[in-house]
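**Student:** Attaching a single structure in structure tokens format; questions to follow.
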Amino acid sequence: MNLPAPSCATPIGIFDSGLGGLSVLRAVRAQLPAERIVYVADSRYAPYGQRDDDFIADRTLAICEWLVAQGAKALVVACNTATAQSIALVRERLSVPLVGVEPGIKPAALISKSRVAGVLATPVTLRSTRFQALVERHAADLRVLCQPGHGLVEAVERCDVSSPALVELLRGYVQPMLDAGADTLVLGCTHYPFLDAAIRSIVGERMMLVDTSVAIARQLERVLDQHGLRAQLAADASAAPGTPARFCSTSDGAHLRTLAAALLGIEAQVECVSIPSPRTLEPAANAA
Ligand code: DGL
């Protein structure tokens, strides 16, 4: 394959199982306004949180390879589930600079005063050895209450971030944490920052919400600098309209367009893309 050589001008690839990575994209655009971005939502196969490990690895690798083929100079796996499950494999296979995301256990351990913190994440993230190691490394003196966020990714994927049913679902997850004395809630899935207002409507000021998207954007900046790949703003930056991102979805793209407009104020033209992978070429998966 004849790929463009990575340079400051080539784009950053950001990928998530679906729309959640838009919360990371928002932080990356704020931190690195000169960067071009290609975003892939694998919405056809979301949520990943209930998939088997091999399926997640299969999709993560295929999408990262696809982004590299589009000329991406660096990749952000903007999905806790895919990072927990597959980032080691991607690092092994691809030489492109890579940034993953993981639940903010370390910041939670630094800020919690009650020494009780809740973590909302997908079942795959919570049962991963990466997550267990994170807790052991940073939260030895913290009581960590892990709650799988069943149904939350699905809600965000259909652009529901505030319905009464969703608020009740969230209440069932966070009220027991409050009752147990938690003063901090880790949003361990990139879809969940879009539920910020719904969570606030339940917990008020009683909990600090930990979202790592700004830290991820800063980490990406460091990685780009290390590789001499950071794009520079034009001299008259104030005149620049902001570099538009290229949005791609493996589904029909309608929800990606809606969420980008509603939550990020971006009028996105969404390309529907096909990114085959060995598992999705299997007859059973293909028929889905
Ligand atoms: N945004 C993904 C994450 O951070 C959601 C995973 C899923 O599709 O279940 O884990």
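Laboratory data are not the source of any read-out in this text; all were calculated from the coordinates shown. Values in this document were obtained by computation on a predicted structure and should not be read as measured data. Heads up, the Cβs are rebuilt from the backbone with ideal geometry, glycines too, and the neighbour counts pull from every protein chain shown.
**Student:** Considering only residues that are more than 14 Å from Ser249 (Cβ to Cβ), in a loop (DSSP other than H, G, I, E, B) and not acidic (Asp, Glu), which ones fall in the range 28-46?
**Tutor:** At the first step, the residues of the range 28-46 found to be more than 14 Å from Ser249 (Cβ to Cβ) are 28-37.
Next, from what is left, pick out any that are in a loop (DSSP other than H, G, I, E, B): 32-36.
Selection gives Leu32, Pro33, Ala34, Arg36.
To keep it simple, each residue is scored yes or no on (1) under 23 Å from the mean Cα position of the chain (by Cα); (2) in contact (Cβ under 8 Å) with a residue 60 or more places away in the chain.
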{"site": "Gly172", "(1), (2)": "no, no"}
{"site": "Thr184", "(1), (2)": "yes, yes"}
{"site": "Leu187", "(1), (2)": "yes, yes"}
{"site": "Ala197", "(1), (2)": "yes, no"}
{"site": "Arg206", "(1), (2)": "no, no"}
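**Student:** Among the residues of the range 82-116, how many are closer than 21 Å to Phe55 by Cβ, part of a helix (DSSP H, G or I) and not hydrophobic (A, V, I, L, M, F, W, C)?
**Tutor:** 6
**Student:** If you don't mind, there's one more thing I want to ask. If you go through the range 47-72, how many residues are under 17 Å from the mean Cα position of the chain (by Cα), charged (D, E, K, R) and not in a helix (DSSP H, G or I)?
**Tutor:** 1
**Student:** Now for a different question. Looking for something of a type in the set (A, V, I, L, M) and surrounded by fewer than 21 Cβ atoms within 10 Å (Cβ to Cβ) - is there at least one such residue anywhere in the range 64-71? Let's see the steps before the verdict.
**Tutor:** Here is the first cut: in the range 64-71, the ones of a type in the set (A, V, I, L, M) are 67-69.
Now restrict to residues that are surrounded by fewer than 21 Cβ atoms within 10 Å (Cβ to Cβ): 68-69.
Among the residues of the range 64-71, at least one is of a type in the set (A, V, I, L, M) and surrounded by fewer than 21 Cβ atoms within 10 Å (Cβ to Cβ), which makes the answer yes.
**Student:** Counting only residues that are surrounded by 24 or more Cβ atoms within 10 Å (Cβ to Cβ) and more than 9 Å from the ligand (Cβ to nearest atom), how many does the range 113-125 have?
**Tutor:** Matching residues across the range 113-125 total 4.
**Student:** Looking at Leu75, is it farther than 16 Å from Thr122 by Cα, in contact with a Gly (Cβ under 7 Å, 6 or more places away or on another chain) and either assigned to a strand (DSSP E or B) or within 9 Å of the ligand (Cβ to nearest atom) (or both)? Steps first, please.
**Tutor:** Numbers: farther than 16 Å from Thr122 by Cα: yes; in contact with a Gly (Cβ under 7 Å, 6 or more places away or on another chain): yes; either assigned to a strand (DSSP E or B) or within 9 Å of the ligand (Cβ to nearest atom) (or both): yes.
Here the answer is yes, as Leu75 does meet what is asked.
**Student:** Considering only residues that are more than 20 Å from Val210 (Cβ to Cβ), outside any loop (DSSP other than H, G, I, E, B) and more than 16 Å from the chain's Cα centre (by Cα), look in the range 128-168 and name the one that is farthest from the ligand (Cβ to nearest atom).
**Tutor:** Pro164
**Student:** May I pose another question? What residue, among those in the range 28-48 that are of a type in the set (D, E, K, R) and surrounded by 24 or more Cβ atoms within 10 Å (Cβ to Cβ), is nearest to the ligand (Cβ to nearest atom)?
**Tutor:** First pass over the range 28-48, keeping only residues of a type in the set (D, E, K, R): 29, 35-36, 42, 44.
So of that shortlist, the ones also surrounded by 24 or more Cβ atoms within 10 Å (Cβ to Cβ) come out as 35, 42.
Details: Glu35: 21, Asp42: 8 Å.
Within the range 28-48, the match that is nearest to the ligand (Cβ to nearest atom) is Asp42.
**Student:** Quick check, is Leu25 near the ligand (Cβ under 9 Å from one of its atoms), within 29 Å of Ala254 (Cβ to Cβ), touching a residue at least 24 places away in the same chain (Cβ under 8 Å) and touching a helix residue (DSSP H, G or I) at 6+ places or on another chain (Cβ under 8 Å)? Explain how you work it out, then say what you get.
**Tutor:** Details: near the ligand (Cβ under 9 Å from one of its atoms): no; within 29 Å of Ala254 (Cβ to Cβ): yes; touching a residue at least 24 places away in the same chain (Cβ under 8 Å): yes; touching a helix residue (DSSP H, G or I) at 6+ places or on another chain (Cβ under 8 Å): yes.
Against the criterion (near the ligand (Cβ under 9 Å from one of its atoms), within 29 Å of Ala254 (Cβ to Cβ), touching a residue at least 24 places away in the same chain (Cβ under 8 Å) and touching a helix residue (DSSP H, G or I) at 6+ places or on another chain (Cβ under 8 Å)), Leu25 does not qualify.
**Student:** A follow-up question, please. Just give me the residues in the range 169-210 being away from the ligand (no atom under 16 Å from the Cβ), of a type outside the set (A, V, I, L, M, F, W, C) and assigned to a helix (DSSP H, G or I), in sequence order.
**Tutor:** Once the filter is applied, which keeps residues that are away from the ligand (no atom under 16 Å from the Cβ), of a type outside the set (A, V, I, L, M, F, W, C) and assigned to a helix (DSSP H, G or I), the range 169-210 yields Arg171, Gly172, Gln175, Pro176, Asp179, Arg200, Ser201.
**Student:** Within the bounds of the range 49-70, is there any residue that is near the ligand (Cβ under 10 Å from one of its atoms) and β-branched (Val, Ile, Thr)?
**Tutor:** yes
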